[in-house]
Number of protein chains: 2
Amino acid sequence: MKLAELDTPTLILDRRRLQANIARISARAHDLGVDLRPHMKTAKCAEVARLATAGHSGGITVSTLKEAEYFAEHGFNDIAYAVGIAPAKLARVAALHTRGARVSVVTDNIDVAREIGVRARALDARFEVMIELDTGDGRAGIGVESDDLIAIGRALHEAPGVVLRGVLTHAGQTYQGKNIDEIAAVAEAERAGAVRAAERLRAAGLPCPVVSVGSTPAATHARNLGGVNELRPGVYVFQDVFQAEIGSCAMSDVAVSVLATVTGQHPERGEIVIDAGGLALSKDRSTAGAPRDVGYGLVLDSACGGSLPEMHVVRVSQEHGIVKAASGVLPFDRLKPGTRVRVLPNHACFTAAAYDGYHAIDDAAEDVVAFWPRVNGW
Amino acid sequence: MKLAELDTPTLILDRRRLQANIARISARAHDLGVDLRPHMKTAKCAEVARLATAGHSGGITVSTLKEAEYFAEHGFNDIAYAVGIAPAKLARVAALHTRGARVSVVTDNIDVAREIGVRARALDARFEVMIELDTGDGRAGIGVESDDLIAIGRALHEAPGVVLRGVLTHAGQTYQGKNIDEIAAVAEAERAGAVRAAERLRAAGLPCPVVSVGSTPAATHARNLGGVNELRPGVYVFQDVFQAEIGSCAMSDVAVSVLATVTGQHPERGEIVIDAGGLALSKDRSTAGAPRDVGYGLVLDSACGGSLPEMHVVRVSQEHGIVKAASGVLPFDRLKPGTRVRVLPNHACFTAAAYDGYHAIDDAAEDVVAFWPRVNGW
């Protein structure tokens, strides 16, 4: 099948860019001396997971139990479910164990830690648990110096059927870094915090075999990961406009794009309309705070090239995207209705979630070489 | 099944609220003397469409061809596809015709109008087309007084295999109305513009049997629809926090909510964490401009009641929602990890799109009485 035969809007994955993105971070993990446990919340796709885990332990990270179940079905048996566990979900985790998949969970809460022990007994299960740390992101996790760290560690370690696997943190504030030095400094704070928490647990006589950190900017720019043994970046497999803007990649590394069709022209407003709106692109506005604000996406020609002036999706409604030139006037004669364009997403994780899968191509070639399904939902 | 047995996050539909919302707008359409052609872009669900079309012609509106195909499969044979047609999509429209569904399309572009004629001949098909008007929204559509109106009308009417069905407009600027009078004034401008365009077409000797307008605020507050014969509101079936904020409904009318679970507490920041993040709620920020900004959603107790202080989802990442009290302090002892809450969405169309379907309940009852699937994608 040819790209031109696909109905729009639809999601395109450039396989060569994907492979290059994966190779770059894989080499970083080797250089830094840590295992790569890629976060599959971005791709949610077994084919991508197979490429991303090559040359590493084979472990992956997921953000939902639906992902864990999907990847277990596709042969991935070492899974870290890295979003704070709600105790009622432990029955599904136990069911995965009986199917042969090892699925660890995380918490930052003493009540949950105790409840995991209760459920392990009730379900006759064995749960591996990581303690989530807050190393500056302010989303979830306990402070590295918190008294709760030892209390949670002890509650987990002493409960029959519970294994304290280690500590885990995500320094999401790397996304706020204004340059590579700032991102490297956040990555160092993340590393130092995670290592300090591990040392505190060990000093209290508790095990802490795994020290896990990660985000794509930190994986890209961390200068040393001494004391860490696991890295969990996610969006690097695809990259996106926001990651390019904060220096995680070049814009030409962005591997996913939405294929869209021009449906109308409004020269009096300097606008065209495309059939990719807020559902097809997502309403993520990550680039609102970036050096270059592309609205809801960066619009390129149908080969993802630069033959057109820079264009942004400036407004969306559910199925309409309104496109303007970043400066100057759109070439309306080259953007007639029916013309295909490609939109690079602000945030690949959110855009990809609107689709059932990826039409894979190689570079700017017109041939769709595969359709790779993905899993959505919970 | 009980609500308490559902895994979270998941989507709940209160059937009694749905039915009341439908009854209210259905009565409005009868009072205004127009046919109701509900826009199914919100619900994308055959069960909801059956309720919403009861007592009217049975026609529906859709925003994607995937919806059109889904509803045709479920027995809906009079469908208006109300997003500007990309000519390459006409083959799918023709395929629906051969399966017995009547699917009209819209355009605002003279090149597309001519191409529809070309494709009708090439596909040996007959296309019903509406001309999209801009009555102030500035998204798509041509101006009511535009020369193109007559040119497009003539191109369509004179092409063999093409039927000019009429004019269609969506005054999306009702969403900016600051009070009921302002919304009623926008609805009147929408009505007057659509009627004026129809008169211009008829004066040029062209047919214009259908004059179609609609949005939920306009359907709620329009004072007269003289000259109009079709109304296409969508979100009214579910309503949402934004619609309540702009006066389309009461907050207690909102029929969809996301069931979520508390996974962590951060009293030092005055925050709890729930397992409904940016994918489960959507990143829509409609209420950013509303009198009350609820962030990414309004958090209520598990029965969708007001037993807790007002809480908002103030930040989201992919699977985390960060909840704060609107003022004062959260009752942390009543929001322990494992506690269920319900989140009313900013924008029901976007939140519902993250799910495969609806768990239907009746009022605050604990019984899940049905699972109603929905269609997503393109």
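The values are calculated or read from the model by the stated rules, or taken from the named source; none is laboratory data. Being a predicted model, the structure only gives us computed values, none of them experimental. Don't worry about glycine lacking a Cβ; one is built from the backbone with ideal geometry, like all the others, and counts go over all protein chains shown.
Within region A:326-342, is there a residue that is over 26 Å from B:Glu115 (Cα atoms) and touching a Gly at 6+ places or on another chain (Cβ under 7 Å)?
No, because not a single residue in region A:326-342 is over 26 Å from B:Glu115 (Cα atoms) and touching a Gly at 6+ places or on another chain (Cβ under 7 Å).
Is it the case that region A:51-67 has a residue that's over 16 Å from A:Leu168 (Cβ atoms), surrounded by fewer than 24 Cβ atoms within 10 Å (Cβ to Cβ), at pLDDT 95 or above and of a type in the set (Asp, Glu)?
No, the conditions are met nowhere in region A:51-67.
In region A:278-304, which residues are more than 19 Å from the chain's Cα centre (by Cα), small (Gly, Ala, Ser) and surrounded by 24 or more Cβ atoms within 10 Å (Cβ to Cβ)?
Correct list: A:Gly278 only.
Just one of (1) within 27 Å of A:Trp378 (Cα to Cα); (2) within 18 Å of the chain's Cα centre (by Cα); (3) among the polar types (S, T, N, Q) trips up B:Gln265, so point out which.
Only one criterion in (1) within 27 Å of A:Trp378 (Cα to Cα); (2) within 18 Å of the chain's Cα centre (by Cα); (3) among the polar types (S, T, N, Q) is unmet by B:Gln265, namely (2).
If you check B:Lys44 against the conditions, is it basic (Lys, Arg), at positive phi, within 14 Å of chain A (Cβ to nearest Cβ) and surrounded by 17 or more Cβ atoms within 10 Å (Cβ to Cβ)?
yes
Would you be able to say whether some residue in region A:261-277 is buried (at least 24 other Cβ atoms within 10 Å of the Cβ), at positive phi and of a type in the set (Ser, Thr, Tyr)?
The answer is no; no qualifying residue exists.
Using beta carbons and a limit of 8 Å, which pairs, at least six apart or on different chains, have the first residue in region B:250-271 and among the acidic types (Asp, Glu) and the second one part of a strand (DSSP E or B)?
B:Glu271/B:Gln265; B:Glu271/B:Val314; B:Glu271/B:Ile322; B:Glu271/B:Val323; B:Glu271/B:Lys324
Which of the residues belonging to region A:12-43 are over 29 Å from A:Val368 (Cα atoms) and either in a helix (DSSP H, G or I) or among the small types (Gly, Ala, Ser) (or both)?
Within region A:12-43, A:Arg28, A:Ala29, A:His30, A:Asp31, A:Leu32, A:Gly33 qualify.
Of the numbered conditions (1) surrounded by 19 or more Cβ atoms within 10 Å (Cβ to Cβ); (2) away from every other protein chain (no Cβ under 12 Å), A:Tyr81 satisfies every one except a single condition; which is it?
Answer for A:Tyr81: the failing condition is (2).
Based on what the data block shows, is B:Val195 touching an Asp or Glu at 6+ places or on another chain (Cβ under 7 Å) and either free of Cβ contacts under 8 Å to residues at least 60 places away in the same chain or surrounded by fewer than 24 Cβ atoms within 10 Å (Cβ to Cβ) (or both)?
no
Does region B:353-372 hold any residues that are small (Gly, Ala, Ser) and either over 22 Å from B:Ile274 (Cβ atoms) or more than 12 Å from chain A (Cβ to nearest Cβ) (or both), and which are they?
The answer is B:Ala360, B:Ala364, B:Ala365, B:Ala370.
Please determine, by comparing only the residues of region B:167-184 that are of a type in the set (A, V, I, L, M) and under 16 Å from B:Gly214 (Cβ atoms), which one is surrounded by the fewest Cβ atoms within 10 Å (Cβ to Cβ).
Among those residues, the one meeting the criterion is B:Ala184.
Go through the residues of region A:77-91 one by one and say whether even a single one is more than 26 Å from A:Gly141 (Cα to Cα) and in the same structural domain as A:Ala184 (by TED's automatic domain parsing).
no
Taking the condition surrounded by fewer than 18 Cβ atoms within 10 Å (Cβ to Cβ) and within 14 Å of chain B (Cβ to nearest Cβ), does A:Ala113 pass?
It is false that A:Ala113 is surrounded by fewer than 18 Cβ atoms within 10 Å (Cβ to Cβ) and within 14 Å of chain B (Cβ to nearest Cβ).
Counting only residues that are closer than 12 Å to B:His39 by Cα and of a type in the set (Val, Ile, Thr), which one in region B:200-243 is nearest to the chain's Cα centre (by Cα)?
Restricting to residues being closer than 12 Å to B:His39 by Cα and of a type in the set (Val, Ile, Thr), the top hit is B:Val235.
From the list A:Gly153, A:Gly177, A:Gly141, A:Gly205, exactly one residue is at positive phi, assigned by TED's automatic domain parsing to the domain that holds A:Ser104 and touching a helix residue (DSSP H, G or I) at 6+ places or on another chain (Cβ under 9 Å). Which is it?
A:Gly205
How many residues, within region A:95-121, are of a type in the set (A, V, I, L, M, F, W, C), touching a strand residue (DSSP E or B) at 6+ places or on another chain (Cβ under 8 Å) and farther than 25 Å from A:Gly143 by Cβ?
Qualifying residue count for the region: 4.
Could you tell me which residue of region A:325-352 is surrounded by the fewest Cβ atoms within 10 Å (Cβ to Cβ), considering only residues that are within 12 Å of chain B (Cβ to nearest Cβ) and in contact with a Lys or Arg (Cβ under 8 Å, 6 or more places away or on another chain)?
A:Phe350
Answer with yes or no whether A:Ala218 is buried (at least 24 other Cβ atoms within 10 Å of the Cβ) and part of a helix (DSSP H, G or I).
Spelling it out, A:Ala218 is indeed buried (at least 24 other Cβ atoms within 10 Å of the Cβ) and part of a helix (DSSP H, G or I).
Find all pairs meeting these conditions: Cβ atoms under 6 angstrom apart; at least six residues apart or on different chains; first residue within region B:92-106 and closer than 14 Å to B:Ile60 by Cα; second residue among the basic types (Lys, Arg).
Between residues of region B:92-106 that are closer than 14 Å to B:Ile60 by Cα and residues that are among the basic types (Lys, Arg), the close pairs are B:Ser104/B:Arg165.
Across region B:305-321, which residue is farthest from B:Val341 (Cα to Cα) among those that are within 24 Å of the chain's Cα centre (by Cα) and aliphatic (A, V, I, L, M)?
Across region B:305-321, the extreme among qualifying residues is B:Val316.
Looking at B:Leu206, B:Leu225, B:Leu201, which is the one that is part of a helix (DSSP H, G or I), within 25 Å of B:Ser146 (Cα to Cα) and in contact (Cβ under 8 Å) with a residue 40 or more places away in the chain?
B:Leu201
Would you list the strands (runs of 3 or more DSSP E) that sit entirely within region A:247-302 and hold 2 or more residues that are at the interface with chain B (Cβ under 8 Å from one of its Cβ atoms) and touching a Gly at 6+ places or on another chain (Cβ under 6 Å)?
Once the strands (runs of 3 or more DSSP E) in region A:247-302 are filtered for at least 2 residues that are at the interface with chain B (Cβ under 8 Å from one of its Cβ atoms) and touching a Gly at 6+ places or on another chain (Cβ under 6 Å), what remains is A:256-266.
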